[in-house]
Structures are given as structure tokens and as C-alpha cells.
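Trainee: Quick one: the structure is below, and I'll ask about it shortly.
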Amino acid sequence: MDLKFKDKVVVITGASEGIGRAMAKLFSKEGAKVVISARNEERLKDLVEEIKYYNNQVFSIKADISKQNDCLNLIESTISHFGQLDILVNNAGRTMWCRFDEVQDLKIVNEIMETNFLGSLYCTYFALPYLYKTRGHIVAISSVAGLTGVPCRTIYSASKHAMVGFFDSLRIEIEPKGVHVTIVTPDFVKSEIHKRALKGDGSSLGQTPMVESKIMTAEKCAELILKAILKKQRLLITSRRGKIGMWLKLLCPSLLDKIARKAIERKF
């Protein structure tokens, strides 16, 4: 059996739900040694038990990646446990669902930026020395909201734009050392992240604002990401709509604004 990631050590942040969870299962089925991390320890334990049915090489670490020390511990614990690091997947994230003028407490700016952008930066910073040794791979899970503007997601969009800018720049710096960078910009994906989206008062929505029957599953998204890693792809845009949006932003940005506004109004 040809296992595409046999014995590769993969760290995945935000692995308790959604894309991260689906990627952890898929990497494990492909022979990888997987380190799963998230804040929800119970969900991590459940995932470990699921993975152990087909791969015992799984290790879970509870971490809040908005904290530098947690990121350092995540990477150092990985090295202590498996001895190397081949692929870092910066997946953990938070989102929002309100207009900017509805924001009542600016703490949500810190919560989103610290998790989505700074958390990815911290993990990458501590992982780089080990990725240089293995000529490894960094995966940054951004969003189509990191390529264009999306109403009701201003702060989220800002954090994802920051990821694209950072990892595009980092790629140029580290490519001579043999480390590859793949930026992933998913369209809407079925995930618990939407239920936890922050409202203007800082509380969670509690229910998804998405019509989930019309959006991609986390499992399908994970399949696309693993294929992109194998091809050492620079940028993965997971939907046709996202690809069209890239061109519209250049050729007819006002039309793209109208389409984005309508998509949010339709909850799709």
C-alpha cells in the first residue's frame, strides 16, 4: 500500500473540529505521525481514539495558540515525542458575524487577530529551525476572505489578509533553505467555527448562519489540501467562486463587492 505521507511528522493546530479534524484523520490514514492540538481537550481525546483504529502514531497537546508559550510547548513537545517535524499546518482560527459598526467591544479584534494571525506566526517561528532540518512544509489555512473583502467579517478578513501577506513574504525568505509554503484559501466550509462566530457584543452566535447543504464539507476540503501539499502548490483556492473572485477583484471590483454582499445576505 502506497502511503503518501508515511512517517512524516505533521502538527495540526485547531484539530478538534472542522478542517483540522478532517486533515488529522486523512494524514493518519496516509501513514503520517500526527500531532493534534486545540483548546478543547475532550474533543482531542475523542479524535485520538478515532485515529488509533488505523494509526497509533498520534499525539495530542492542549494549546491556546494565541499564547506564545503554548506555541513553544507545542513544537518542543512534538520534537521530544517524535524527534522531528516535517509539516506544520496553521489551521486554528476564530471568526465573527456582524458589521463593524455593530461591534460593542473591541476585545474581539484581539481575540481574532491573536488566534488567526499571531498564533500562526508564533507556531511558525518556533517550528522553523526544525523544518529547516527536514526541508519541510508550512501550510497556512487562510480564507477567500483573505483575498477579498467580505461584509460582516471585517476583522476576520483582516486577519486572513495578514496571513496571506506574511506567508507570501516568508516563502521568499525560506525557499532557499528548502522549506515550502502552501497558502490555502477555503470558501465557506461546514464547521463548528460558524456556530462560535463572535457577535458585536463578544458572545457566540450559538448556531451556524450558513446554509450548510450548500457549502463544502471539511472532508472534501482536507482532500484538496493534502493534494496541494503533495504538489508543493503555492496557493490553493478551493472553490470556483473563489477563483472567479480573484479575477473580478482585478477587472471589476465593484461587481465583486455586490456579489459578496448578496452572498452574505443569502447566507451562502
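Trainee: Limited to the range 9-30, what total is found for residues that are more than 14 Å from PHE59 (Cβ to Cβ) and either modelled with pLDDT of 95 or more or part of a helix (DSSP H, G or I) (or both)? Walk me through it before giving the result.
Mentor: Let us first name the residues in the range 9-30 that are more than 14 Å from PHE59 (Cβ to Cβ), namely 14, 16-23, 25-26, 29-30.
Now restrict to residues that are either modelled with pLDDT of 95 or more or part of a helix (DSSP H, G or I) (or both): 14, 18-23, 25-26, 29-30.
Counting residues in the range 9-30 that are more than 14 Å from PHE59 (Cβ to Cβ) and either modelled with pLDDT of 95 or more or part of a helix (DSSP H, G or I) (or both) gives 11.
Trainee: Across the range 68-78, what is the total count of residues that are among the aliphatic types (A, V, I, L, M) and either in a strand (DSSP E or B) or surrounded by 17 or more Cβ atoms within 10 Å (Cβ to Cβ) (or both)? Can you show your working first?
Mentor: Within the range 68-78, the subset among the aliphatic types (A, V, I, L, M) is 72, 74-75.
Filter once more, keeping what is either in a strand (DSSP E or B) or surrounded by 17 or more Cβ atoms within 10 Å (Cβ to Cβ) (or both): 74-75.
Total satisfying the criteria: 2.
Trainee: Could I ask something else about it? I'm told ALA38 meets every condition in (1) surrounded by fewer than 24 Cβ atoms within 10 Å (Cβ to Cβ); (2) within 30 Å of GLY202 (Cβ to Cβ) except one. Can you identify the failing condition by its number?
Mentor: (1)
Trainee: Can you give me the number of residues within the range 232-249 that are part of a helix (DSSP H, G or I) and not aromatic (Phe, Trp, Tyr)? Spell out how you get there, then give the answer.
Mentor: Applying the first criterion (part of a helix (DSSP H, G or I)) to the range 232-249 yields 240-249.
From the residues that got through so far, the ones that are not aromatic (Phe, Trp, Tyr) too are 240-246, 248-249.
Of the residues in the range 232-249, 9 are part of a helix (DSSP H, G or I) and not aromatic (Phe, Trp, Tyr).
Trainee: Also, I was wondering about something else. State which residue is nearest to the chain's Cα centre (by Cα) when the search covers only the range 88-103 and only residues that are buried (at least 17 other Cβ atoms within 10 Å of the Cβ) and outside any loop (DSSP other than H, G, I, E, B).
Mentor: We begin by selecting, within the range 88-103, every residue buried (at least 17 other Cβ atoms within 10 Å of the Cβ); these are 88-98, 103.
Pick out the ones that are also outside any loop (DSSP other than H, G, I, E, B) and you get 88-90, 96.
Values: LEU88: 11, VAL89: 7, ASN90: 5, MET96: 15 Å.
Looking at residues that are buried (at least 17 other Cβ atoms within 10 Å of the Cβ) and outside any loop (DSSP other than H, G, I, E, B), I get ASN90.
Trainee: Let me ask you something else. Please count how many residues of the range 35-67 are under 14 Å from MET23 (Cβ atoms) and assigned to a strand (DSSP E or B).
Mentor: 5
Trainee: Now, a different point. Write out, first by first residue and then by second, each pair whose Cβ atoms fall under 6 Å of each other, whose residues are 6+ apart or on separate chains, and whose first residue, in the range 208-231, is part of a helix (DSSP H, G or I) while the second is at pLDDT below 90 and surrounded by fewer than 18 Cβ atoms within 10 Å (Cβ to Cβ).
Mentor: Matching pairs, first to second residue: LYS214/PHE268.
Trainee: Another question, if that's okay. Taking LEU85 and the conditions (1) crowded, with 19+ Cβ neighbours inside 10 Å; (2) under 30 Å from LYS262 (Cβ atoms); (3) modelled with pLDDT of 95 or more, which numbered condition does it fall short on, given that it satisfies the others?
Mentor: LEU85 satisfies all of (1) crowded, with 19+ Cβ neighbours inside 10 Å; (2) under 30 Å from LYS262 (Cβ atoms); (3) modelled with pLDDT of 95 or more except (2).
Trainee: Moving on. Taking into account only those residues within the range 234-264 that are polar (S, T, N, Q) and in contact with a strand residue (DSSP E or B) (Cβ under 8 Å, 6 or more places away or on another chain), which is surrounded by the most Cβ atoms within 10 Å (Cβ to Cβ)?
Mentor: THR238
Trainee: Checking the conditions here, which among VAL184, VAL189, VAL144 is within 13 Å of the chain's Cα centre (by Cα), surrounded by 19 or more Cβ atoms within 10 Å (Cβ to Cβ), at pLDDT below 85 and of a type outside the set (D, E, K, R)?
Mentor: Working: VAL184 fails: at pLDDT below 85; VAL144 fails: at pLDDT below 85.
Of VAL184, VAL189, VAL144, the one residue that is within 13 Å of the chain's Cα centre (by Cα), surrounded by 19 or more Cβ atoms within 10 Å (Cβ to Cβ), at pLDDT below 85 and of a type outside the set (D, E, K, R) is VAL189.
Trainee: Tell me, please, whether a residue that is assigned to a helix (DSSP H, G or I), in contact with a Ser or Thr (Cβ under 7 Å, 6 or more places away or on another chain) and not charged (D, E, K, R) can be found in the range 148-158. Show your work before the answer.
Mentor: Residues of the range 148-158 that are assigned to a helix (DSSP H, G or I), as a first pass: 154-158.
Filter once more, so that each one left must be in contact with a Ser or Thr (Cβ under 7 Å, 6 or more places away or on another chain): 156.
Those still in the list that are not charged (D, E, K, R) too: 156.
There is at least one residue in the range 148-158 that is assigned to a helix (DSSP H, G or I), in contact with a Ser or Thr (Cβ under 7 Å, 6 or more places away or on another chain) and not charged (D, E, K, R).
The values are calculated or read from the model by the stated rules, or taken from the named source; none is laboratory data. On a predicted model such as this, the values are computed, not experimentally measured, just so you know. Note that we place each Cβ from the backbone using ideal geometry, even for glycine, and neighbour counts take in every protein chain shown.
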